[in-house]
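The structure appears right after this line, and notes come after that.
The values are calculated or read from the model by the stated rules, or taken from the named source; none is laboratory data. Treat the numbers as computed from the prediction; the structure is a model and nothing was measured. Because the Cβ atoms are built from the backbone with ideal geometry, glycine has one as well, and the counts that use them run over all protein chains shown. SASA here: full protein model, heavy atoms, side chains in, ligands and nucleic acids out. Shrake-Rupley method; radii C 1.70, N 1.55, O 1.52, S 1.80 Å.
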Amino acid sequence: SWLPWRDYEFRRAWHHTFDRSFLVNTVWEGAARVPKSNTFLVEGNPWHNPNLPAIPPFDLAKAREILKAAGYSWNSNGRLVYPSAKNEAWKARVRKVVKDGYTWGGLKMIES
């Protein structure tokens, strides 16, 4: 529920930052499977939904491209910087996922 997670574009970029094959092969030493659809439930699990979209590929350049197009930038230390508070597209994306009764208060949504 906190920024930047309220921003769909941030979450879309975030999905491209996981090398799922590396996790399965290295971290879990091959004792896992990469799901075919965008979920953590693999085929054979009773709650697996094969109709979900495919997992986004690991692509850091694509993640940066999505973030840049969404108004994010990076400071001189390479840290991600939120879009400007004047960026209406960003504010609209954030407003879309909060419940009624909250208003924009800078980098926070505050209950009015």
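Structure values in brief
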read-out	value
Options Glu9, Glu29, Glu65, Glu43: the member that is assigned to a loop (DSSP other than H, G, I, E, B) and either surrounded by 15 or more Cβ atoms within 10 Å (Cβ to Cβ) or at pLDDT 90 or above (or both)	Glu29
Region 46-62: number of residues that are of a type in the set (Lys, Arg) and in a loop (DSSP other than H, G, I, E, B)	0
Residue list for region 46-58, restricted to those being in contact (Cβ under 8 Å) with a residue 24 or more places away in the chain and open to solvent by 60 Å² or more (accessible area, probe 1.4 Å)	Pro57, Phe58
Per-region count, region 28-58, residues within 20 Å of Arg12 (Cβ to Cβ) and among the charged types (D, E, K, R)	1
Every pair of residues 6+ apart whose Cβ atoms lie under 7 Å, when the first sits in region 1-24 and is without any contact (Cβ under 8 Å) to a residue 60 or more places away in the chain and more than 18 Å from Pro53 (Cα to Cα) while the second is part of a helix (DSSP H, G or I) and open to solvent by 60 Å² or more (accessible area, probe 1.4 Å)	Trp5/Arg11
Within region 12-26, considering residues that are among the β-branched types (Val, Ile, Thr) and over 29 Å from Arg95 (Cβ atoms), the one surrounded by the fewest Cβ atoms within 10 Å (Cβ to Cβ)	Thr26
Filter result (in a strand (DSSP E or B), at pLDDT 85 or above and touching a helix residue (DSSP H, G or I) at 6+ places or on another chain (Cβ under 8 Å)) within region 71-106	Leu80
Those residues of region 70-100 which are open to solvent by 60 Å² or more (accessible area, probe 1.4 Å) and closer than 10 Å to Phe10 by Cβ, in sequence order	Leu80, Tyr82
